[in-house]
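First comes the structure, then the notes that go with it.
Each reported figure results from applying straightforward, stated rules to the coordinates on display, with no laboratory input. The structure displayed is predicted, hence computed values, not measured ones. Reconstructed Cβ throughout: ideal geometry from the backbone, glycine too, with neighbour counts over all protein chains shown.
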Amino acid sequence: MAPILHSLLDNDFYKFTMQCGVVQLFPKTKGRYTFINRGKHEFPEGFAEALQEEVNHMAQLKLSKAEKQFLKDNCPYLSPLYLDFLEGYCYDPSEVHISQQGSDLQVTVEGYWYRTILWEVPLLSIISELFYRLTKATAWTDEQVIANTREKELLYKDLGVVFAEFGTRRRHSYHVQDIVMSTLMDGYGSTFIGSSNVHFAMKYQVKPIGTHAHEWFMFHAAEYSYKMANALSLEHWVDVYRGDLGVALSDTYTTDVFFKQFDKKFSKLFDGVRHDSGDPIVFAEKTIAHYKKMGINPLSKYIIFSDGLNPKKVQAITEACKGKIGISFGIGTDLTNDVGLRPMNIVMKLTEVLTSDNEWVPTVKLSDEPNKHTGVPRMIELAKGILGIGE
């Protein structure tokens with residue numbers, strides 16, 4: 001059986017944009033990532049060995065000259081120094097630790113943050129694909145996947161919504177994601193604009209889409225404090241990208257806390273914000289109110305919605321926001337793993353950071369949905385106390 005991954009760029013774009021920032025600003029920081037099986041999936045016997053084999057193969061992946069040229073041509077904000085670094089980068093399987101007890105799978109990653117930052121998304125996509133393969137789960141035919149994708153695309157076209165494919169981490173398989181991308185590209189004048197997956201963006205000549213993820217803010221909280229996390233995360237992002245890649249993620253320490261630090265400077269400088277947890281319509285109302293408070297016309301800004309979207313949610317959000325603020329959508333699992341099977345509910349989080357004073361500090365994420373908080377309980381309570389967050 002051929003390896004699942006065959007391109008270094010088969011990863012989410014925000015992993016590369018964050019890696020560029022880490023290489024520039026935090027080259028000595030180390031991190032630990034932990035696999036979290038939210039869906040309580042039971043992994044079949046031999047899964048750890050199959051996963052290890054895929055991880056070992058990843059050491060052979062290298063950035064090709066054509067891939068480097070694609071990044072140079074389409075992402076001018078990525079520094080030449082970073083692109084040269086990426087050309088020399090290769091995965092080190094010794095950074096990944098895999099074990100299995102019965103049906104329980106444990107995966108951790110540890111090493112310099114600038115290196116380990118690329119593991120999360122491909123590991124999750126491999127775990128997902130292997131799970132369906134080794135449990136012999138029967139998915140829809142290619143024709144059914146194409147028909148299902150086309151139906152959604154036509155609905156989004158009728159709604160007039162701009163959307164991108166964000167489904168790498170929990171895709172059913174590379175093959176299904178490829179079919180979905182091909183179908184979207186063949187759409188009838190649809191509003192599909194790009195993909196978070198850089199490999200597929202290159203293959204289909206669309207825009208790679210992404211800025212930063214929760215881990216960018218989680219690191220800053222561990223290094224500098226919870227009170228400073230949002231402001232310093234945004235300040236450092238601006239230091240690296242000087243106004244490019246201007247979509248700010250708002251919910252690492254709840255949206256209410258974020259908007260307290262998203263002052264007029266950031267509100268004007270960033271093009272918009274991304275929604276990733278909690279009620280999307282309530283979030284839109286808060287965002288509109290925030291921009292008005294800052295004296296900014298909300299129609300000059302936009303929200304990217306990216307939390308568990310499906311056609312019904314997209315339609316409701318569109319109807320609620322129309323004529324009030326710009327909107328676009330990053331649609332993930334509902335595109336790449338809607339194949340007649342239960343999609344996996346798995347994540348991998350940055351769980352500890354070796355800070356500049358040489359101490360391992362547990363990270364915390366306080367989502368707009370309390371049941372999605374991550375971190376050790378004592379640190380979650382500490383963060384909530386410092387930030388004044390009640391349930």
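Annotations
- Counted charge near S64, where neighbours are those whose Cβ lies closer than 13 Å (Asp, Glu -1; Lys, Arg +1): +2
- Ratio Rg/Rh, restricted to the range 100-175 and using Cα atoms, in which Rh is the Kirkwood radius: 1.10
- With the convex hull drawn over the C-alpha atoms of the range 280-368, the volume per residue is 151 Å³.
- DSSP bridge orientation in the chain - percent antiparallel, rounded to nearest 5: 55
- Kirkwood Rh (inverse of mean 1/r, distinct Cα pairs), the range 57-96, angstrom: 11.0
- Burial ranking of peptide ranges 204-216, 249-261, 308-320 (average Cβ count within 10 Å, highest at the top): 249-261, 204-216, 308-320
- The ellipsoid that matches the Cα gyration tensor of the chain has semi-axes, each √(5λ) in whole angstrom, of 29, 27, 21, with the longest given first.
- Each Cα pair under 8 Å and six or more residues apart adds its sequence gap; the mean of these over the residue count of the range 74-199 is a relative contact order of 22 percent.
- Once the C-beta distance of A320 and K65 is scaled by a Förster radius of 35 Å, the resulting FRET efficiency is 0.15 to the nearest 0.05.
- Peptides 188-194, 177-183 ordered by average Cβ neighbours within 10 Å, highest first: 177-183, 188-194
- The charge dipole of the chain, taken about the Cα centre with unit charges on the Cβ atoms of Lys, Arg (+1) and Asp, Glu (-1), comes to about 1060 debye, rounded to the nearest 20.
- For the range 167-222 and the range 356-391, distance of Cα centres in Å: 29
- Sparsely packed chymotrypsin sites (Phe, Trp or Tyr not before Pro) within the range 275-384, loop by DSSP, other Cβ within 10 Å at most 12: none
- For the chain, the membrane-span-like helices by this rule, meaning whole DSSP H stretches whose C-alpha atoms cover at least 20 Å of axis and whose Kyte-Doolittle mean is 0.5 or above, are 120-134; this says nothing about an actual membrane.
- One Cα centroid belongs to the range 12-35, the other to the range 62-85; the line between them spans 17 Å.
- Alpha carbon Rg of the range 341-391, scaled by the compact-globule rule 2.2 N^0.38 Å: 1.38
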